[in-house]
């Protein structure tokens, strides 16, 4: 996601300009020069040798006898403009991290089996795209063996779209390519905007590149033009024209950091806005929090005339617009105004904040981040994304039906998790250390977020502008950055095709970072009684009997301090300290406990008037696990499936025993006896802000339909 100034480069203020240039001009120039010298580094070769067996990659005993591999499909380097600014030493960063650093981190620090580079589209000039391709090819070339590589790198980019209103907002998607050779990849990445590209990681070349003809076939365009697609439908159309194996993975669908309040996924399931062949996965967790669960509260209420108004608070949700009114009321009363006058000003403030959309925090002059308490947050979610948007959640999307063609149409999306790192560090969740290096909690705040304006006892109207970084609540958001997740795949081998095939089959799952082992299977699919196999997670079947499902999980390995000898020998002490911070994935032989497993059942809409909340059973079942370090297994069935005569999908969450996690406490509310948040303790830059959490893993769903009549 874009953390600096939004995806539409050239349309607003530069992030450094908006923060002020006092005292940083020379430091920025020196940093830029250093980045030019640094950006061409190559990944560290590995000596040809047998790969040490990683316990997680061995076959887990599933009926298909596939091995579990772990990866990260959401990785930014300082080729991304926002990552570049975040890494400037003058702004508190630690310097350039080009693709070579991501390759070495994945290979030696986090010991991942695969990863994908996904720098932002608005940063990828033709020159940077060619350099990205070369870097990924080199990362793969130094692997031990292409058939059993120690680490496998995929090529991709992030289609980074942000709208100012719910109608024009589609959000972010990672575009991942299977191949890396000539004739297997597009000549150009396809961006969400046709604005000029502003690269990160080095001084712009100054080269002018023409805009691609939006109506031409992609094969007929010049190699160095800038290609864009303003909607998912246009993106899918262009990818179909290229014809290469491609996956498009939505992420950040609940992130209120940039998603306008009132946004819903409904328009993105309609017609050609959804491509079921390419859009087969969704990222449910990342370094920006959890986007899984649906809640039936609304950030705003839309009236018939299209305007928004502020809903009242609920025990589980305090609307930001409502809190704006409370702040203004308190100031008004403190100034000695009458109760009636202050009530009127509070109502005006709620209206102004609702109209401000994503910039509601700017509608109250002089409001400090702490003044907003826990407004806008999902109070009963585990590690939720900031300013949660429930109608973009995975559960809502899976329950939603589109009826534009008459018959109900539903999305079938497997679940993955990744990091969304902006420091070229794929898979940082192996240890909860180094918050300012292993998470994105690095941006400094500007006057928009610190209450530098004079406090007033009134709100005011905010005029939104594209490219204005003041839309984003950077300071409060810093309390919601996690180390990030991983995707686990059930693959028939370690090579590129095997990993890709697992992703396409949706035989994948996500974790909050630890390498939890997870299997989820339908035991009685059609043909099972005649010697057929089971149906694994990601499957879609028709079944006349009640489904019988089995889940098995084993906890991740507890970590040893430091790094394995092979990492230190390969990188050397200085590079090990710089990119790994001296701490690597270093498993012991002791697994953590799985404490319990939750089963979620969703029965997707069959009529447009069905209430989404009533279709989601979460949790539908809770399966306790005995304290056994070898893992947990359970079998269950749905006795209502046959009688209901409607499709259903099932997925599971496996929980490990509690452990400390960075920013797991979010805003760290102090509550009064009634349970109301009366004070927040925002996470600053001084510590890792650890709080207890339950690491977990999500299986992809299994879809079960009754026989068609």
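Coordinate-derived values only; no laboratory data. Given the structure is predicted, the values throughout are model-derived calculations rather than measurements. Neighbour counts run over all protein chains shown; Cβ positions are idealised from the backbone, glycine included.
Among rounded, prolate and oblate, which fits the stretch 578-620 when a ≥ b ≥ c are the square roots of the eigenvalues of its C-alpha gyration tensor, a/c under 1.5 means rounded, and a/b larger than b/c means prolate? It is oblate, given that a/c is not under 1.5 and a/b is not larger than b/c.
Taken over the stretch 574-709, the ratio of Cα radius of gyration to 2.2 N^0.38 Å equals 1.49.
Working from Cα pairs under 8 Å separated by at least six residues, relative contact order for the stretch 115-189 is 35 percent.
Ordered by the number of other Cβ atoms lying within 10 Å of each residue's own Cβ, fewest first, 480, 520 fall into the sequence 480, 520. Each principal axis of the stretch 74-190 carries a Cα extent, and these read 48, 38, 25 Å when sorted largest first. Here the residues 185, 579, 594, ranked from fewest to most Cβ neighbours within 10 Å of their Cβ, fall in the order 185, 579, 594. Over the C-alpha atoms of the stretch 180-324, the Rg to Rh ratio, Rh being the Kirkwood estimate, stands at 1.05. For the chain, the normalised intensity computed at q = 0.05, 0.07, 0.12 Å⁻¹ comes to -0.23, -0.45, -1.41 (log10 of I(q)/I(0), Debye sum over alpha carbons, equal scatterers, no solvent). Estimated at 0.36 nm per residue, the fully extended path between residue 643 and residue 569 surpasses their Cα-Cα distance by 20.4 nm.
Taken over the stretch 328-379, the percentage of Cα pairs per 5 Å bin, counting from 0 up to the bin with the maximum distance, is 4, 19, 24, 27, 17, 7, 2. Our estimate of slack between residue 198 and residue 635, defined as 0.36 nm per intervening residue step minus the Cα-Cα distance, is 152.0 nm. Full extension of the chain between residue 671 and residue 560 yields a length gain of 36.3 nm, computed as 0.36 nm times the residue separation minus the alpha carbon distance. Remark: spin-label model distance residue 147-residue 460 equals 7.0 nm, labels positioned 7 Å along the Cα→Cβ axis. Along its principal axes, the stretch 506-618 has C-alpha extents of 60, 41, 25 angstrom, given from the largest down. With the simple model of a label 7 Å out from the Cα in the direction of the Cβ, residue 613 to residue 241 spans 4.5 nm. The Cα-based radius of gyration and maximum Cα-Cα distance (Dmax) for the stretch 388-444 are 17.7, 52 Å. Each 10 Å bin, from zero up to the one with the longest distance, holds this percent of the alpha carbon pairs of the stretch 111-259: 11, 39, 35, 14, 1.
Quick check for you: which residues of the stretch 646-672 have the amide N under 12 Å from the point 7 Å beyond the Cα of residue 541 toward its beta carbon? Counting only backbone N, you get no residues. Computed over the alpha-carbon atoms, the stretch 485-533 gives an Rg to Rh ratio of 1.06, Rh here being the Kirkwood radius from the mean inverse distance. Mean residue ellipticity at 222 nm, helices only, the chain: -5500 deg cm²/dmol; runs of at least 4 DSSP H residues each add -39,500 (n - 2.57), and the sum is divided by the number of residues.
Only Cα pairs under 8 Å and 6+ residues apart enter the sum, and on that basis the relative contact order of the chain stands at 15 percent.
Please list log₁₀ I(q)/I(0) at q = 0.12, 0.13 Å⁻¹ for the stretch 106-170, using the Debye equation with identical point scatterers on the alpha-carbon positions. Rounded to two decimals, the profile gives -0.43, -0.48.
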